[in-house]
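Input: a single structure, listed below in C-alpha cells.
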Amino acid sequence: MFPEYIVLHTAAFTGKNCDRDMIDQWHKARNWSGIGYHFVILNDQHDLKTDGEIEIGRLTNKAGAHALGLNSRSLGICCIGHGDKFDFTLAQYKSLYGLIEQLMTEFSIPLDKVIGHRELNELAKNNIISSRYRTSKSCPGSKIDMDAIRNTLSQSHSLVKDEKAEIDLQSKLAMNNAIATLQKYRGQFPNAQDELDEFINHPEIISMTR
Ligand SMILES: [Zn+2]
C-alpha cells in the first residue's frame with residue numbers, strides 16, 4: 001500500500017490503560033487480522049506507560065482497517081481517549097505533530113490530505129470516495145479541531161524544506177549514472193536527442209546532479 005492520506009481517530013474510550021494491545025484485542029474480536037490503526041498515541045490515563053507515547057499498530061505497508069472507503073490508501077492514527085469528551089493531552093499533540101510530519105515527509109503526503117475520520121464525508125461530497133462511505137461518526141471527536149491541527153502543521157518549520165537538500169549523495173550518483181547511460185545510448189533514439197540534450201542541460205538538472 002502507498003498511502004495518500006493520513007486519517008486521525010479517537011479511541012472513543014474513557015477507561016484507563018487503553019493502548020495498542022487493548023485495541024488489538026477489540027479489533028481481533030471483530031474478526032479483523034488485528035489492530036486496524038497504524039499508530040496509537042497514548043494519553044495520561046495509563047498506569048504504566050507514558051502520556052504521548054507512540055505505539056506501532058499495523059505496519060505502514062499494510063492497508064489498515066479504520067476508514068471504510070479509504071483504507072487502501074491511508075494511514076490511520078488513533079489517539080487514546082475520547083475526543084467527544086476531552087481534548088487530546090498536550091503530550092499527545094506533541095507526539096501527533098511529530099508523527100504526522102514524519103509521515104508526510106516519508107510518504108509525500110500534502111497537508112490537505114491530513115484529515116479527521118469524520119472528514120471522509122467531505123471526500124464523499126467531492127466524489128473522491130463513494131457516498132456510501134459517508135460516516136455518522138464525529139471521530140476524532142467534537143473536541144478536536146482539524147483545521148487547527150492542519151494550521152499548526154502548516155507553521156511547522158520542519159515541513160518547509162529546501163527540496164534540493166533532499167537529494168542525497170547516493171541519489172546524485174545514480175542520476176549522474178542514468179544520464180551517462182542515456183548519453184552512451186543516444187544513437188538508439190535519434191529522434192529524441194534534442195530533447196535529451198535539453199533535459200541534460202536544463203539548469204534544474206544541472207544543479208541537481210552537480
Ligand atoms: Zn475513527
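Read-outs throughout are calculated quantities, based only on the coordinates presented, and are distinct from any laboratory measurement. Not measured: the values here are computed from a predicted model. Using ideal geometry, Cβ is built from the backbone for each residue, glycine included, and neighbour counts are taken over all protein chains shown.
Name the residues whose placed amide hydrogens come within less than 5 Å of the amide hydrogen of residue 53, ignoring near sequence neighbours (fewer than 5 apart) on the same chain.
Those qualifying (amide H under 5 Å, at least 5 residues apart or on another chain) are 42.
Please state the Cα pair-distance histogram of the range 164-209 with 10 angstrom bins from zero: what percent is in each bin?
27, 50, 21, 3
Across the range 187-203, in residue order, what do the Karplus-derived ³J(HN,Hα) couplings come to in whole Hz, using 6.51 cos²θ - 1.76 cosθ + 1.60 with θ = phi - 60° and x for Gly and Pro?
Ordered by residue, 3J(HN,Hα) equals x, 6, 10, x, 7, 10, 5, 4, 5, 4, 4, 4, 5, 4, 8, 5, x Hz.
Post the alpha-carbon centroid distance, the range 80-116 to the range 181-198, in whole angstrom.
Answer, in whole Å: 47.
Quickly estimate the mean residue ellipticity at 222 nm for the chain, helices only: each DSSP H run with n ≥ 4 gives -39500 (n - 2.57), and the total goes over all residues, rounded to 500.
Value at 222 nm, helices only, nearest 500: -10500 deg cm²/dmol.
Would you please give the residues with an amide H less than 5 Å from that of residue 10, counting only those at least 5 places away or on a separate chain, with H modeled from the backbone geometry?
Long-range HN contacts for residue 10: 79.
Using only Cα atoms, tell me the angle between helix 20-29 and the longest principal axis of the chain; keep it within 0 to 90° and round to the nearest 10.
Approximately 80 degrees, to the nearest ten.
Show me the chymotrypsin sites (Phe, Trp or Tyr not before Pro) within the range 102-210 that DSSP assigns to loop and that have at most 13 other Cβ atoms within 10 Å of their Cβ.
On the way: sites: 107, 133, 185, 199; in loops: 185.
Answer by residue number: 185.
Show me the trypsin sites (Lys or Arg not before Pro) within the range 3-42 that DSSP assigns to loop and that have at most 15 other Cβ atoms within 10 Å of their Cβ.
16, 30
What do you get for Rg/Rh of the chain when both radii come from the Cα atoms and Rh is the Kirkwood radius?
Rg divided by Rh gives 1.12.
Applying the Karplus parametrisation 6.51 cos²θ - 1.76 cosθ + 1.60 with θ = phi - 60° to the phi angles of the range 98-104, what ³J(HN,Hα) value in whole Hz is obtained for each residue in order, glycine and proline being reported as x?
3J(HN,Hα) across the range 98-104, in whole Hz: x, 5, 4, 4, 4, 5, 4.
Taking θ = phi - 60°, what integer Hz values does the Karplus form 6.51 cos²θ - 1.76 cosθ + 1.60 yield along the range 6-19, in sequence order, with x for Gly and Pro?
3J(HN,Hα) across the range 6-19, in whole Hz: 10, 10, 9, 9, 10, 6, 6, 9, 9, x, 8, 6, 7, 7.
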